[in-house]
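In what follows, a structure is listed as structure tokens, so that the remarks can point back to it.
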There are 2 protein chains.
Amino acid sequence: MDYHFSDRVKALKPSAIREIFKYAADPEVISLSAGNPAPEAFPVEAIRRCSDDLLREQPIDALQYSVTEGLPALREDVTAFLQKHCGIHTPGDSVLITSGAQQIMDLFGKSVLNEGDTVVCEEPSFIGALNSFRSYHAVLKGVPMQEDGMDLTKLEDILKSDRKVQFIYTIPNFQNPTGLTTSWEKRRGIYDLAKKYDVLILEDNPYGDLRFAGENIPSIKTLDTEGRVLYSGTFSKTISPGMRVGFAAGGSTLLQKMVVCKQGSDVHTNIWSQHVIHRFLHGWDFEKHLCGLRKIYAKKYAVAEKALQETAPLLQYRPIQGGLFIWCTLPASIPMIDYCKQAVLHKVCVVPGNAFLTDENTPCQSFRINYSSPTDEDLARGISILGKLAADWPV
Amino acid sequence: MDYHFSDRVKALKPSAIREIFKYAADPEVISLSAGNPAPEAFPVEAIRRCSDDLLREQPIDALQYSVTEGLPALREDVTAFLQKHCGIHTPGDSVLITSGAQQIMDLFGKSVLNEGDTVVCEEPSFIGALNSFRSYHAVLKGVPMQEDGMDLTKLEDILKSDRKVQFIYTIPNFQNPTGLTTSWEKRRGIYDLAKKYDVLILEDNPYGDLRFAGENIPSIKTLDTEGRVLYSGTFSKTISPGMRVGFAAGGSTLLQKMVVCKQGSDVHTNIWSQHVIHRFLHGWDFEKHLCGLRKIYAKKYAVAEKALQETAPLLQYRPIQGGLFIWCTLPASIPMIDYCKQAVLHKVCVVPGNAFLTDENTPCQSFRINYSSPTDEDLARGISILGKLAADWPV
């Protein structure tokens, strides 16, 4: 039958990345398109033992309905972690456990966006978040990314001229897709502008724990004295994305509204996984685990960098200090979309850069590669295929 | 700071049931207010072994990102189960795995409801679904429940006069909160009316597998030849609600739109739990497990019925044939809300019936009790306290 879809979803398209996954499912294709943590980064044995102990000791707690806000003990863990690792401690703030950080985008968008409201985001930015905001009929306005973060002049231009801006969406560490990190000066600048123009900030930090070079930069949330910043974190990159456990920290009035939305979305986050993560954080050395992750990613990134330099000199890329992504830019003579399509035919899958733009039709010469999921061999081979494809491109 | 919430969530209130849970958390209070499966109904040992095998044999599959539609093997299991148990097999239909059945309410509402559209529901009905539809600014119109389901004359009156109806929401088996089951004649009637007035049906069947008396009645979905009915099912009542795994079956065009919404909501459902359920369905005798559940619920319901008859004769109740809830009605001389408040002071927690109405201010003499979660002793004692409270009520 003919369905009459709501206006808000009529224009929504499946994520370009998800569509590309269809090619990536071909076992002959080297996928550099996912955002998956390295398989060797999962603490499998620890998780198995935490889960086994849990089901022997507290089976009903692990399997029964639970509260929407999240396991109280895990919320305390998150509070302690944020204070220790990020210096985040705002009186009156609270913590909500979510079904992955993606749900924070959804619940926050649902709570604060009316139709036609504006979200200011980095350009390019994380497609999953942009699509979530679009599903609430928001207007997205992009601020070009510079080496040290958003162009603050352009950010202020938008804030000054558009009174419908509800929030600024930023990924300050190892941004998806560019891998860029926002400097401390720009973090302060973003916060000051948000205050000046009275808008909220959604600070999305999925990759901050995966820094393998350079120095940590404090989060924007550390500047927040009034609940202006909603901080979004996740265990997806440090423990397991399949468990779907994220956490939001922010003003309690805001979080209470998000809790009401979450009741209607999925009642609560998988409680078994919440208990397992709580046990892992206590029974195992999480700091040591994070150090191990950073070593894994440093090593894998070195493989990618060597391959880029030695086998793909035509691809310009920005060196990264952490996270999962490398942003590559083609010479002006090679049309990016055609190149990405040819790459798939050569059995290498990357994500075309325009997928991350507020308007997909804007010209773009870049694409995103992920270095964490493939084996070292596939990673080097995939990059060399990309390099050869660029070198052989007919001019 | 002062947050500017979206219009859609401004009026949303925390679920009355969730609020009552705060009292229920007091260990001295006997909670007859939850909708929890009986703790003894969980197949703990089977789940523990399925999970342990999974993490030994396929750890990365269990912990890595996965596809939004759900684990393909589990989608096949659901298709086979629906065909065998419910006679549901519609060509062109498809199955989507969700984060509990609550997410089906959310994704379906998001996909088809514009602001001001109408949802026709049973009166009273499941508060979690109603709140989800409210969050998309829908207008709820209730059709009074009769012993055998919705009043079809009133249903047609609404469909005839209101051209903004998008769908009919119904829980045909052991309805929440009344425990009533819709007859086959009325199921046909609802389907015929939906067809006549070209509206969709959301058939919510969380309790159908928990029938301990009477004969199964085919689902409305078995009548569907055109994708008009979205069927909502869940493993929450048969395996574990803490895992948050539900499933929707319906027209593939509709489900594709819901998949795009789910990408923005939580990417995918906890994949570990999906694998565990798939293994449980294959490695263990699910039919036997369901038989065991029905025995547990029959026995517990007998305890409740005996207590109601012997110790609470002033409470009128409707005998049930399955599900989790009993709907009790007070004599006209006892004000229901005051009675429920007094019950909490007497350490028994129930849900006031007006919480399930489309307009909470409508007069209501009924309240909902759950017989599945408390121990037999607490159940009998709780009901006798309710009975004494009614008998002693000052006139």
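The values are calculated or read from the model by the stated rules, or taken from the named source; none is laboratory data. As the structure is a prediction and not an experimental result, all values here were calculated from the model. In this analysis, Cβ positions are derived from the backbone assuming ideal geometry, glycine residues included, and neighbour counts consider all displayed protein chains.
Run A:SER66 past the list (1) closer than 30 Å to A:THR182 by Cα; (2) touching a helix residue (DSSP H, G or I) at 6+ places or on another chain (Cβ under 6 Å); (3) of a type in the set (Ser, Thr, Tyr) and report the number of the one that doesn't hold. All conditions pass for A:SER66, except number (1).
Apart from one condition, A:VAL260 fits all of (1) free of Cβ contacts under 8 Å to residues at least 40 places away in the same chain; (2) touching a Ser or Thr at 6+ places or on another chain (Cβ under 6 Å); (3) within 14 Å of chain B (Cβ to nearest Cβ); the exception is (2).
Being touching a strand residue (DSSP E or B) at 6+ places or on another chain (Cβ under 6 Å) and either modelled with pLDDT under 95 or over 19 Å from A:VAL259 (Cα atoms) (or both) holds for only one residue in B:GLY100, B:GLY142, and it is B:GLY142.
Only one of these is modelled with pLDDT of 95 or more, part of a strand (DSSP E or B) and farther than 30 Å from B:ILE127 by Cα: A:GLY292, A:GLY250, A:GLY214, A:GLY233. Name it. Reasoning before the result, please.
On the way: A:GLY292 fails: part of a strand (DSSP E or B); A:GLY250 fails: farther than 30 Å from B:ILE127 by Cα; A:GLY214 fails: part of a strand (DSSP E or B).
Step by step, each of A:GLY292, A:GLY250, A:GLY214, A:GLY233 is checked, and only A:GLY233 is modelled with pLDDT of 95 or more, part of a strand (DSSP E or B) and farther than 30 Å from B:ILE127 by Cα.
With the condition kept exactly as written, say whether any residue in the range A:54-61 is farther than 13 Å from B:GLY242 by Cβ and within 10 Å of chain B (Cβ to nearest Cβ). Yes, there is a match, as at least one residue in the range A:54-61 is farther than 13 Å from B:GLY242 by Cβ and within 10 Å of chain B (Cβ to nearest Cβ). Determine which member of the set A:ARG188, A:ARG279 is surrounded by fewer than 24 Cβ atoms within 10 Å (Cβ to Cβ), of a type in the set (D, E, K, R) and either in contact (Cβ under 8 Å) with a residue 40 or more places away in the chain or assigned to a loop (DSSP other than H, G, I, E, B) (or both). It is A:ARG279. Consider only pairs whose beta carbons are under 7 Å apart and that are at least six residues apart or on different chains; among these, list those whose first residue lies in the range A:169-181 and is free of Cβ contacts under 8 Å to residues at least 24 places away in the same chain and whose second residue is surrounded by 24 or more Cβ atoms within 10 Å (Cβ to Cβ) and in a strand (DSSP E or B). Going by the 7 Å Cβ cut-off, there are no qualifying pairs.
Scanning the range A:55-102 for residues that are of a type in the set (Gly, Ala, Ser) and in contact (Cβ under 8 Å) with a residue 12 or more places away in the chain yields A:ALA62, A:SER66, A:GLY70, A:ALA73, A:GLY87, A:GLY92, A:SER94, A:SER99, A:GLY100, A:ALA101.
Considering every residue within the range A:214-226, establish whether at least one is buried (at least 22 other Cβ atoms within 10 Å of the Cβ) and either acidic (Asp, Glu) or not assigned by TED's automatic domain parsing to the domain that holds A:PHE126 (or both). Among the residues of the range A:214-226, at least one is buried (at least 22 other Cβ atoms within 10 Å of the Cβ) and either acidic (Asp, Glu) or not assigned by TED's automatic domain parsing to the domain that holds A:PHE126 (or both), which makes the answer yes. Looking across the range B:309-336, just one residue is under 13 Å from B:LEU389 (Cα atoms), of a type in the set (A, V, I, L, M) and not in a loop (DSSP other than H, G, I, E, B), and that is B:MET336.
Only one residue in A:THR234, A:THR225 is out of contact with any helix residue (DSSP H, G or I) (no Cβ under 7 Å at 6 or more places or on another chain) and over 23 Å from A:ASP285 (Cα atoms). Which one?
On the way: A:THR234 fails: over 23 Å from A:ASP285 (Cα atoms).
Among A:THR234, A:THR225, only A:THR225 is out of contact with any helix residue (DSSP H, G or I) (no Cβ under 7 Å at 6 or more places or on another chain) and over 23 Å from A:ASP285 (Cα atoms).
Here A:GLY227 fulfils each of the conditions (1) of a type in the set (Gly, Ala, Ser); (2) out of contact with any Gly (no Cβ under 6 Å at 6 or more places or on another chain); (3) part of a loop (DSSP other than H, G, I, E, B) apart from (2).
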